[in-house]
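Q: One structure is given below, represented as structure tokens, and several questions about it will come after.
The values are calculated or read from the model by the stated rules, or taken from the named source; none is laboratory data. Being a predicted model, the structure only gives us computed values, none of them experimental. In this analysis, Cβ positions are derived from the backbone assuming ideal geometry, glycine residues included, and neighbour counts consider all displayed protein chains. Ligands, DNA and RNA are excluded from the accessible area calculation, which covers all protein heavy atoms including side chains. Shrake-Rupley method; radii C 1.70, N 1.55, O 1.52, S 1.80 Å.
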Amino acid sequence: ITGGDEYESRERMQPFADVLEKQYGFNVIYIKDEAPGADTDPDHDPKPTVLPDAERIKEADLMVLFVRFRNWESNSMKLFMEHFEAGKPAVAIRTTTHAFWKDRTFAPKYFGGNYKTHYTGRIVAQVNPEHENHPMVRGVERKWGQGEWPYVSIPLAEGATPLVFSY
């Protein structure tokens, strides 16, 4: 599911979806939320919109999200939340931590962090040495940086596993 103008999630995720289908044989259900002005509302309070093809979420085994400042109407949100409530997995990319700005319980409950803001001038990220063998960071450089602006996501929810730190 994509939706966000600032980071061009719809454009950036399409090639990823294509690779998953063509090279790895996945059946990708690509849902694009093109809610006009949702990202640019000065109060981060966009008008409720319908998530196109939301009923297709029921078919998904894994949900990959790259969305920002969404406000789906209740039927769309219900279908979306049923995925989580069924215990199905999801991967959130970047701004999904603050996709549902009005509901501050969403990110901690489903993604383990509390989006507050992002740091500026922080340039180093490091894989947490306690979890350096975790499959999610396999193949990731141990330290990297140069102009990265990491999100402030603390406090972490109980049970969350911090895989990467920044400073």
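Q: Keeping to region 1-28, report how many residues are loosely packed, with under 13 Cβ neighbours inside 10 Å, assigned to a loop (DSSP other than H, G, I, E, B) and modelled with pLDDT of 90 or more.
A: Residues flagged as loosely packed, with under 13 Cβ neighbours inside 10 Å, assigned to a loop (DSSP other than H, G, I, E, B) and modelled with pLDDT of 90 or more within region 1-28 amount to 4.
Q: Name the residue that is nearest to Trp101 (Cα to Cα), counting only residues in region 29-84 that are of a type in the set (Lys, Arg) and not in a loop (DSSP other than H, G, I, E, B).
A: Residues of region 29-84 of a type in the set (Lys, Arg): 32, 47, 56, 58, 68, 70, 78.
With not in a loop (DSSP other than H, G, I, E, B) added as a condition, the list becomes 32, 56, 58, 78.
On the way: Lys32: 19, Arg56: 24, Lys58: 24, Lys78: 17 Å.
My answer is Lys78.
Q: From the list Asn114, Asn133, pick out the single residue that is over 25 Å from Pro36 (Cβ atoms), in a loop (DSSP other than H, G, I, E, B) and more than 18 Å from the chain's Cα centre (by Cα).
A: Asn133
Q: Give me the residue from region 31-43 that is touching a residue at least 12 places away in the same chain (Cβ under 8 Å) and open to solvent by 60 Å² or more (accessible area, probe 1.4 Å) and, out of that set, farthest from Val19 (Cα to Cα).
A: Thr40
Residue by residue, here is whether (1) among the basic types (Lys, Arg); (2) modelled with pLDDT under 85 holds:
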{"position": "Val67", "(1), (2)": "no, no"}
{"position": "Ser74", "(1), (2)": "no, no"}
{"position": "Pro89", "(1), (2)": "no, no"}
{"position": "Lys102", "(1), (2)": "yes, yes"}
{"position": "Phe111", "(1), (2)": "no, yes"}
{"position": "His118", "(1), (2)": "no, yes"}
{"position": "Ser153", "(1), (2)": "no, yes"}
